[in-house]
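Undergrad: Just dropping this structure here.
The values are calculated or read from the model by the stated rules, or taken from the named source; none is laboratory data. Values in this document were obtained by computation on a predicted structure and should not be read as measured data. Here the Cβ positions follow ideal geometry from the backbone for every residue, glycine too, while neighbour counts run over all protein chains shown. These accessible areas exclude ligands, DNA and RNA; they are computed on the full protein's heavy atoms, side chains included. Shrake-Rupley method; radii C 1.70, N 1.55, O 1.52, S 1.80 Å.
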Amino acid sequence: MSWQVLIQSDVVPYEPITRLLAASDCCLHWWRDAEPPRDIDYSVIDGIYSYGHFPVTRELMERCGRLKIVSNFGVGCDHIDQNGARALGIPVGNTPGVLDAATADLTWALLLAAGRNIVTGDHFARGPGFQKYDAAVLLGQQVTGATLGIIGLGRIGYQVGRRAIGFDMKILYHNRTRNASAEADLGARYAGLDELLQQSDFVALNCPLTPETTGLIGARELALMKPTAVIANAARGPVWDQEALLTALRAGHLHAAATDVTYPEPLPRDHPLLAEERLVVLPHLGSATQQTRDAMSQMSVTNLLAGLKGQDVPYRIA
Ligand code: DGY
């Protein structure tokens with residue numbers, strides 16, 4: 001028995017995934033371009049493997065006549081119509097937990113890079129301008145002892161908080177619900193969004209993208225922040241308003257910002273955000289370590305095969 005699996009990916013997937021799938025009983029059909037391929041018989045598709053962030057719409061799921069599972073490579077499933085999947089009774093699997101540490105590490109890389117002018121400093125050190133050591137150039141913001149505001153204290157946000165303890169930071173957090181164990185473990189204090197923004201020196205965005213978090217940080221929210229504050233987005237681009245961020249940075253409000261995510265992703269190469277010196281931009285590297293990618297590959301293929309076999313999907317989001 002061979003299962004027909006639709007893989008959505010416009011790049012070659014990480015090698016262990018194709019190796020694991022090749023060792024299984026799956027026959028792969030590729031969706032590589034923006035538009036759905038015309039040469040596939042969707043009525044025989046048993047599973048969808050989502051790699052990257054192609055939209056998995058209800059319409060697509062309905063079109064795949066025998067669909068038993070949607071398996072996502074990654075934890076964030078904002079590109080998948082989860083309500084549609086629930087309504088159709090199709091399980092959606094993702095990869096929670098295994099990427100928390102890597103993504104929290106990268107959140108700190110963003111906060112430190114922006115706060116301590118790492119990227120600007122790197123460019124300066126390589127350029128013609130660096131002729132003499134000058135103790136007054138590129139002054140950053142002190143991390144140790146500062147206040148960190150974590151927006152989204154789920155698994156990843158919690159790990160960001162754990163790392164802040166090493167910097168003797170005071171931790172505020174804002175979340176859909178209060179997290180009593182994190183309050184106890186981290187000494188974190190729950191704050192309303194406005195209070196968190198007003199009081200934090202460093203702000204980390206670690207929430208999922210949902211209708212409630214879309215546009216959460218706009219011009220009003222950025223204006224509440226300290227003019228010396230640093231904000232990092234390791235969540236999803238639309239959690240903040242990119243244009244408002246650019247305006248704030250250009251106006252000299254905020255020390256700097258850093259992001260792992262944008263909308264669209266990637267940005268057009270001539271997008272003004274890419275020319276903004278006080279913004280550090282990465283190409284969505286949150287969970288991009290070899291060890292984490294290996295674990296994500298294993299988990300996502302396990303979810304896929306379980307769904308295809310009609311078994312309980314071990315890591316199920318919908
Ligand atoms: C995730 O796991 O959500 C990463 O951002 C990759 O999609």
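Undergrad: Under a 10 Å cutoff between Cα atoms, tell me which one of VAL143, VAL75, VAL12 has the largest fluctuation in the Gaussian network model of the chain.
TA: Per the Cα network of the chain with a 10 Å cutoff, VAL12 tops the list.
Undergrad: Which GluC sites (Glu not before Pro) does the range 207-299 hold that lie in a coil by DSSP with at most 14 other beta carbons within 10 Å?
TA: In loop regions of the range 207-299 (DSSP not H, G, I, E or B), the sparsely surrounded GluC sites (Glu not before Pro) are GLU212, GLU277.
Undergrad: Next question, about the same structure. When the helices in the chain are scored as -39500 (n - 2.57) per DSSP H run of 4 or longer and the sum is shared across all residues, what 222 nm value do you end up with, to the nearest 500 deg cm²/dmol?
TA: Counting only the DSSP helices, I get -9500 deg cm²/dmol.
Undergrad: Taking the alpha-carbon set of the chain, what are its Rg and Dmax in Å?
TA: 21.3, 70
Undergrad: If the cut-off is 19 Å between C-alpha atoms, which aspartates and glutamates fall inside it for LYS309, apart from same-chain ones fewer than 8 positions away?
TA: Excluding near neighbours in sequence, the set is ASP25, ASP46.
Undergrad: Rounded to the nearest angstrom and ordered from largest down, what semi-axes does the equivalent ellipsoid of the range 49-168 get from its C-alpha gyration tensor (root of 5λ)?
TA: One finds semi-axes of 43, 19, 10 Å for the range 49-168.
Undergrad: Among the lysines, which have Cα under 27 Å from the Cα of LYS170 when same-chain residues fewer than 8 positions away are ignored?
TA: The reachable lysines, counting only those whose Cα sits under 27 Å from LYS170, are LYS226.
Undergrad: Considering the Cα trace of the range 156-282, what is its radius of gyration and what is Dmax, both in angstroms?
TA: My reading of the Cα-based Rg and Dmax gives 14.5, 46 Å.
Undergrad: Given charges of +1 on the Cβ of Lys and Arg and -1 on the Cβ of Asp and Glu, with all other atoms neutral, how large is the dipole of the range 108-232 about its Cα centre, in debye to the nearest 20?
TA: With Lys and Arg at +1 and Asp and Glu at -1, about 180 debye.
Undergrad: For the chain, set up a GNM with springs between Cα atoms under 10 Å and report which of PRO16, PRO272, PRO55 has the largest fluctuation.
TA: For the chain, modelled as a Gaussian network with Cα springs under 10 Å, the answer is PRO272.
Undergrad: With all protein chains present, how much of the accessible area of the chain (probe radius 1.4 Å) comes from carbon and sulfur, to the nearest whole percent?
TA: Exposed carbon and sulfur together represent 53 percent of the surface.
Undergrad: Which of GLY166, GLY157, GLY93 ends up with the largest GNM mean-square fluctuation for the chain, with Cα atoms connected below 10 Å?
TA: Looking only at GLY166, GLY157, GLY93, the largest GNM fluctuation is found for GLY166.
Undergrad: Assuming a viscosity of 1.306 mPa s and a temperature of 10 °C, what translational diffusion coefficient in µm² per second does Stokes-Einstein assign to the range 159-220, Rh being the Kirkwood radius over Cα pairs?
TA: Approximately 126 µm²/s, per Stokes-Einstein.
Undergrad: Is any residue of the range 201-219 close enough, with backbone N under 13 Å, to a label point placed 7 angstrom from the Cα of LYS170 along the Cα-Cβ axis, and if so, which?
TA: Under cut-off, by backbone N: 201-202.
Undergrad: Express the Stokes-Einstein translational diffusion coefficient of the range 246-318 in µm² s⁻¹, to the nearest whole number, given a Kirkwood radius over alpha-carbon pairs, 37 °C and a viscosity of 0.692 mPa s.
TA: 212
Undergrad: With every protein chain left in place, what is the accessible area per residue of the chain in square angstrom, probe 1.4 Å?
TA: 47
Undergrad: Give me the percent relative contact order of the range 4-47, please, defined on Cα pairs under 8 angstrom at least 6 residues apart.
TA: In percent, rounded to a whole number, it is 59.
Undergrad: Treat each spin label as a single point 7 Å out from the Cα along the C-beta direction, and report the THR289 to ARG220 distance in nm.
TA: If labels sit at THR289 and ARG220, their model points lie 3.9 nm apart.
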